[in-house]
1. Could you list all residues from the range 101-143 that are free of Cβ contacts under 8 Å to residues at least 40 places away in the same chain and assigned to a helix (DSSP H, G or I)?
2. Taking the range 353-369, which residues are of a type in the set (A, V, I, L, M, F, W, C) and buried (at least 21 other Cβ atoms within 10 Å of the Cβ)?
3. Does Ala369 satisfy being small (Gly, Ala, Ser), touching a helix residue (DSSP H, G or I) at 6+ places or on another chain (Cβ under 6 Å) and at pLDDT 95 or above?
4. Only one residue in Val42, Val31 is modelled with pLDDT under 80 and closer than 30 Å to Val488 by Cα. Which one?
5. Picking from Phe510, Phe504, Phe585, which residue would you name as being among the aromatic types (Phe, Trp, Tyr) and buried (at least 22 other Cβ atoms within 10 Å of the Cβ)?
6. Taking Asn175 as the residue in question, decide whether it is polar (S, T, N, Q), surrounded by fewer than 23 Cβ atoms within 10 Å (Cβ to Cβ), assigned by TED's automatic domain parsing to the domain that holds Gln351 and touching a strand residue (DSSP E or B) at 6+ places or on another chain (Cβ under 7 Å).
7. Looking at this structure, is Asn633 in contact with a Ser or Thr (Cβ under 6 Å, 6 or more places away or on another chain) and either of a type in the set (Lys, Arg) or farther than 14 Å from Val595 by Cβ (or both)?
8. Among (1) farther than 15 Å from Val111 by Cβ; (2) more than 20 Å from the chain's Cα centre (by Cα), where does Thr490 come up short?
Amino acid sequence: MLRISVLTGAGLVVATAFAAAQAPVQPAEAVNAQAPEVTFRVEVNYVEEDVRVVDRDGNFVRGLKREDFQLTEDGKPQKINTFGMVDIPVAPIRRPAFMGPDALPIEADVVSNEQVLDGRLYLILLDDYHTAPLRTQLVKNLARRFVLEKLGPNDQAAVIPTSGILRGSQEFTQNRRLLLEAIGNFTGQKTTSAAISKTDARSREVADSQANNDAGQPDPVSPENRYTEDPDAPERTYKARAALNSLRSIAEWMSAIQGRRKAIIYISEGVDYNLYDMFVGSRPDVFNFENFNMIQQETWDTIQAASRSNVQIYPVDPRGLTNLAQENIEISGLPLLGLRLGPETLNQELQTSQMNLRQLAEETGGVAAVGTNDMDKAFDRIVQENSSYYVLGYYSTNEKRDGRLRRIAVKVNGYPDPQITFRKRYVAARGRAPKNTAAGKPLDAAAGLTSELMQAMAAPLPMTGLQLRLQAVAQKGTGKNTNLRVIVQTSGKDLTFKQNNGVFSTKLSFSLGVFAKDGKSVFAERPDADLNLRPETHARVIKSGVRLMRQISVAPGRYQLRVAAQDSSKAKQGTAILDIDVPDFSKPDIALSGVALAANADPSVATGSAPEVLNFGGGLPGAPSTLRQFPANSEIAAFVEVYDNKPAPSHRLDVAATVKADDGRVVFAHNQEYSSDDLHGQPGGFGFSARIPMTGWTPGVYVLTIGATSRLSNQEPVSKVIQFEVR
């Protein structure tokens, strides 16, 4: 029996997040058309419908109210419990003007959950099982174009290959470098065309019959030899099922996200398994009905999962307008058309694969970019459809979990049906309602984490109930490990305090986890903070928040850092997710640690570590800040460690901090010289600090660069870059 793997690639670390987020949610009565809150909870009979309404010119219609919509399920009117309009502007990425329009944006050293609600959500599924190896670069180019040209500043995207290869996977992120790295590791591994495989097999049969025939002629075509079996049928069946299974698993995983349209951009040449005419090119008496039925069922299960999860699939065929020239070249020159082989069969395969791609789009509310070379138009439509729409949520009056098809109809006052697009049907869930679980296991109160905090950690996207900012500053550790100074900053206005005898108290519950690329946990702790504040400190916290700093040690590698937090009321939870490459500081000749910034404009209360740890051993005038927007005329300070791993022969290191304005002007510069003689012949390092007054600076984008250069000609310079704003 073939075993089909599903949704690997770190399992998206939270591949079972949909199971971890099954707590009931009460009906909400939205009263206006504001964008609905993104949530990660699923009610058994809660249905969410995305509706686009356009005018006669195709422009999205804004300003509609809930009473303008009528929604029915299987002909029965449904009460619209939640209603909102999502309208995300198509805006360019903010980058300094001096960098040029084609440069990748500077990677943020601080992540925040404050703007998760302001962007689109794309999962780019690269079908390596159905991409010919020679068309690998076409797929890479298409995916790169979408990431570089179509992703907005607050959009979240993920990249997954259907085979689940880890090096080609990247979870949801705004980091374009990580997305491009995953795309760069894609390699097509499509099985040779069935027509080519059959032709090759038939050619060998003809050659054998000629050699064994006294007349030296091939055997004539007869009912016994008319059909040629596909020698690669088992592999082809496996890959078809695996690709469909990946689509289904991803759609089910994305079902946990509500309040936003969820798009799968499926770049694939399509499954070329004919699901409609089972006897094409095959012997009816030996046809494998089991494989045919399994693939048909996988296709239907995929469509069911996507429709039930309200996920739109946008297939993109990288072949564009094609006559399959490469495949036709491979077809043997033998006159095999009478044997249902040759170019005609290739065209049948092309039409079959395109038909299957179109079916996925039509049944899930997406649009297929098939048989076209105008991919810009196709990508623009994907962006447009995921930018502006109405979200209608209702609790179906049919609470049966019978797995049956439910038909949806939406009417809008004053607009004809052709100007309204929505999901036309979905399949109800089947079986018992899922229990409240996390990571596939029942929640255990004795484990220490509350169910709310567990769900927050497992959510596929950052949760925004409690605003968080997160940074991890990497520094050289002991032995082979690297130290991470993790800084978590919470918003004070979201905290709930109790007052007793002039003391304001609350407990901030945190969960901090570090996950490897394969999804395995390498570190976890609960650095809770009990806050008992005097009135003046309470006022500071309410205005500016709380900073928590922890120090952990991990081996070099790529990790995902997840932090979840909630206050004592348990009413609000927040999460922040940071992808980080942890370097091995002992390998290069010279290296720089991460950069920590302090700001006199950040009065938030710091906790979690001793004062000498908070200020990096005196390298900063105060605790590090995760703010990256500062008022004019304030001051920031930067600290970095410089590592010299080859102090001999004796040499000098020049370390410089410069700040450039948006137009490229240098508005600050500070230089310092170090001697390797101070290390006494042993690898070591130096601490570099710079205080940066922003007096008279105009509002705008600025870039801080800290670089270290050895005066030895054979050592590469190193640098760190941070983008920030002055307001």
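1. Once the filter is applied, which keeps residues that are free of Cβ contacts under 8 Å to residues at least 40 places away in the same chain and assigned to a helix (DSSP H, G or I), the range 101-143 yields Asp118, Gln137, Asn141.
2. If the condition is that a residue be of a type in the set (A, V, I, L, M, F, W, C) and buried (at least 21 other Cβ atoms within 10 Å of the Cβ), then Leu357, Leu360, Ala368, Ala369 are the ones that fit.
3. Details: small (Gly, Ala, Ser): yes; touching a helix residue (DSSP H, G or I) at 6+ places or on another chain (Cβ under 6 Å): yes; at pLDDT 95 or above: yes.
Spelling it out, Ala369 is indeed small (Gly, Ala, Ser), touching a helix residue (DSSP H, G or I) at 6+ places or on another chain (Cβ under 6 Å) and at pLDDT 95 or above.
4. Working: Val31 fails: closer than 30 Å to Val488 by Cα.
Selected residue: Val42, the only one of Val42, Val31 that is modelled with pLDDT under 80 and closer than 30 Å to Val488 by Cα.
5. Residue meeting the stated conditions: Phe585.
6. Considered against the rule, which asks whether it is polar (S, T, N, Q), surrounded by fewer than 23 Cβ atoms within 10 Å (Cβ to Cβ), assigned by TED's automatic domain parsing to the domain that holds Gln351 and touching a strand residue (DSSP E or B) at 6+ places or on another chain (Cβ under 7 Å), Asn175 comes out as yes.
7. Taking the combined requirement at face value, the residue satisfies it.
8. Against the list (1) farther than 15 Å from Val111 by Cβ; (2) more than 20 Å from the chain's Cα centre (by Cα), Thr490 comes up short only on (1).
The values are calculated or read from the model by the stated rules, or taken from the named source; none is laboratory data. Source: prediction; values computed, not measured. Reconstructed Cβ throughout: ideal geometry from the backbone, glycine too, with neighbour counts over all protein chains shown.
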